[in-house]
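Chemist: I have a structure I would like to understand better, so I am pasting it below and will then ask my questions one at a time.
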Amino acid sequence: MSTPIVVMGVSGCGKSTLARDLANRIGRTFIEGDDCHPPANVAKMSAGISLTDDDRRPFLEKVSAALLAAEGGGVASCSALRRRYRDLIRMRCGHVLFVLPIVPYGDLVGRMLGRDHFMPASLLDSQLATLELPTPDEFAVLIDGLMDTPSQVRAVLSAVPDLGIGSLRKPDGYTDMQCSYHE
Ligand SMILES: Nc1ncnc2c1ncn2[C@@H]1O[C@H](COP(=O)(O)OP(=O)(O)O)[C@@H](O)[C@H]1O
Ligand SMILES: O=C(O)[C@H](O)[C@@H](O)[C@H](O)[C@H](O)COP(=O)(O)O
């Protein structure tokens, strides 16, 4: 099975945009995490209320199931903010690559205000407070979220060169998270 890929991070960091383009580039199925929320979660977020761990469980289960079912392997957009959320996805899907676009606060606010989406900009602070960066024992790539999307796709492909050819192994010398801020 192809190693599932999750583009993670806070609202507005570009998860969906990057996950869709990366999936297209390597011939995989794109899974839109936003579509995996139960309606009650969407109602809560729309009302400006942060989700709890219990709220997030069915969302994470659905993303994991979609990744497992994806023909040709999946690339999902899913916030996966806390370590324990990523652990749940790994428990269901095995070895998973997480990709995290990093975007400065001001740009995140600008992006959230500039789009039509159920997630209000008022939830950004709680998203950032919830985010636990991947630790070096996780298979994760941090990329510059201000780069244009094709450059982000290239950055992911250069950090993990065997993407798209089945199960991913960590490249030789891959001991830490790879930070591809400068291509
Ligand atoms: N690399 C990028 N540079 C500039 N704007 C971007 C980039 N990626 C995404 N955006 C824009 O930022 C907004 C949020 O992107 P989106 O992919 O929906 O983020 P998320 O899924 O993390 O909430 C959208 O308006 C999108 O067009
Ligand atoms: O486009 C977005 O704004 C995000 O993708 C958004 O949908 C959100 O980040 C989570 O899906 C909500 O769940 P969390 O509170 O667990 O991030």
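Chemist: Of the residues that sit in the range 147-164 and are open to solvent by 40 Å² or more (accessible area, probe 1.4 Å) and without any contact (Cβ under 8 Å) to a residue 40 or more places away in the chain, which one is farthest from ILE5 (Cα to Cα)?
Modeler: Among them, the one singled out is ASP148.
Chemist: For the range 57-85, name all the residues that are in contact (Cβ under 8 Å) with a residue 40 or more places away in the chain, within 21 Å of ALA23 (Cβ to Cβ), open to solvent by 30 Å² or more (accessible area, probe 1.4 Å) and not in a loop (DSSP other than H, G, I, E, B).
Modeler: LEU68, the sole residue that qualifies.
Chemist: Let me ask something else about it. Which of the residues belonging to the range 86-128 are on the phi > 0 side of the Ramachandran plot and in a strand (DSSP E or B)?
Modeler: none
Chemist: Starting from residues that are more than 25 Å from ASP107 (Cα to Cα) and in contact (Cβ under 8 Å) with a residue 60 or more places away in the chain, keep the ones in the range 14-34 and report whichever is surrounded by the most Cβ atoms within 10 Å (Cβ to Cβ).
Modeler: ARG28
Chemist: Only one residue in ASP54, ASP107 is more than 9 Å from ligand 2 (Cβ to nearest atom), surrounded by fewer than 20 Cβ atoms within 10 Å (Cβ to Cβ), free of Cβ contacts under 8 Å to residues at least 12 places away in the same chain and of a type in the set (Asp, Glu). Which one?
Modeler: Result of the check over ASP54, ASP107: ASP54.
Chemist: For the range 4-51, give me the residue count where each residue is within 18 Å of GLY74 (Cα to Cα), within 9 Å of ligand 2 (Cβ to nearest atom) and polar (S, T, N, Q).
Modeler: Qualifying residue count for the region: 1.
Chemist: For the range 25-45, which residues satisfy the criterion of being in a helix (DSSP H, G or I), more than 14 Å from ligand 1 (Cβ to nearest atom) and at pLDDT 95 or above?
Modeler: PRO39, ALA40, ASN41, ALA43, LYS44
Chemist: A follow-up question, please. I need a count of the residues in the range 86-97 that are within 14 Å of ligand 2 (Cβ to nearest atom) and either in contact with a Lys or Arg (Cβ under 6 Å, 6 or more places away or on another chain) or open to solvent by 10 Å² or more (accessible area, probe 1.4 Å) (or both).
Modeler: So the count comes out to 1.
Chemist: Moving on. Which of the residues spanning the range 12-24 are of a type outside the set (Val, Ile, Thr), within 12 Å of ligand 1 (Cβ to nearest atom) and at negative phi?
Modeler: CYS13, LYS15, SER16, LEU18, ALA19, ARG20, ASP21, LEU22
Chemist: I would also like to ask the following. Taking the range 130-146 as the region of interest, how many residues are open to solvent by 10 Å² or more (accessible area, probe 1.4 Å), out of contact with any Ser or Thr (no Cβ under 9 Å at 6 or more places or on another chain) and modelled with pLDDT of 95 or more?
Modeler: 3
The values are calculated or read from the model by the stated rules, or taken from the named source; none is laboratory data. Keep in mind it's a predicted model, so treat the numbers as computed, not measured. Glycine gets a Cβ as well: all are built from the backbone with ideal geometry, and neighbour counts include every protein chain shown. Please note that ligands, DNA and RNA were not included when accessible areas were found on the heavy atoms of the full protein model with its side chains. Shrake-Rupley method; radii C 1.70, N 1.55, O 1.52, S 1.80 Å.
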